[in-house]
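Visitor: Got a structure here, written out as structure tokens. Questions coming.
Please treat every number below as a calculation from the coordinates, not as lab data. None of the values given here were measured: they were computed from a predicted structure.
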Amino acid sequence: MKKRSDLMWKCKKCNEENEDSFDICWKCGYGINGETPDEIESEVEIIKKDTKERIKAEDAKYKKKKRIIIFLIFLPIILGMINYFIEKPNNTHKIIPSVKSSLYNTKE
């Protein structure tokens, strides 16, 4: 089992002991490697900007994939409808004989 002192680090700026789970001194704000608070803040801003750019790029990829999938789903439906109307036999003028006789046989 590790001793408490093994789980601590000493700040290079103020000599305060900090737990190993922290990368920034709780007392003065300096980093574990002696970085100033301004350096840490600028690094955080760079990480935030990079993360936003990656999220934006991944979102664009997702939207593109979504559009392709929707297109691939509707393409067969649209092609099937076009084929149906092009190849549709022109049977609209023919009436089924039994329906024709019932339509034209009127009793007066």
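Visitor: If we restrict to alpha carbons, what Rg and Dmax does the stretch 37-95 come to, in Å?
Guide: In Å, with Rg to one decimal and Dmax whole: 26.0, 88.
Visitor: Looking at the stretch 37-95, how many pairs of lysines come closer than 22 Å at the Cα, when each pair is eight or more places apart or spans two chains?
Guide: 12
Visitor: Based on Cα positions only, what radius of gyration and what Dmax would you give for the stretch 11-58, in angstroms?
Guide: 13.7, 43
Visitor: Further question on the same structure: So how much slack lies between Lys27 and Phe85, counting 0.36 nm per residue of separation and subtracting their Cα-Cα distance, in nm? Mind showing how you got there, number by number?
Guide: Working: separation 58, 0.36 × 58 = 20.88 nm, distance 7.78 nm.
Length gained, Lys27 through Phe85: 13.1 nm.
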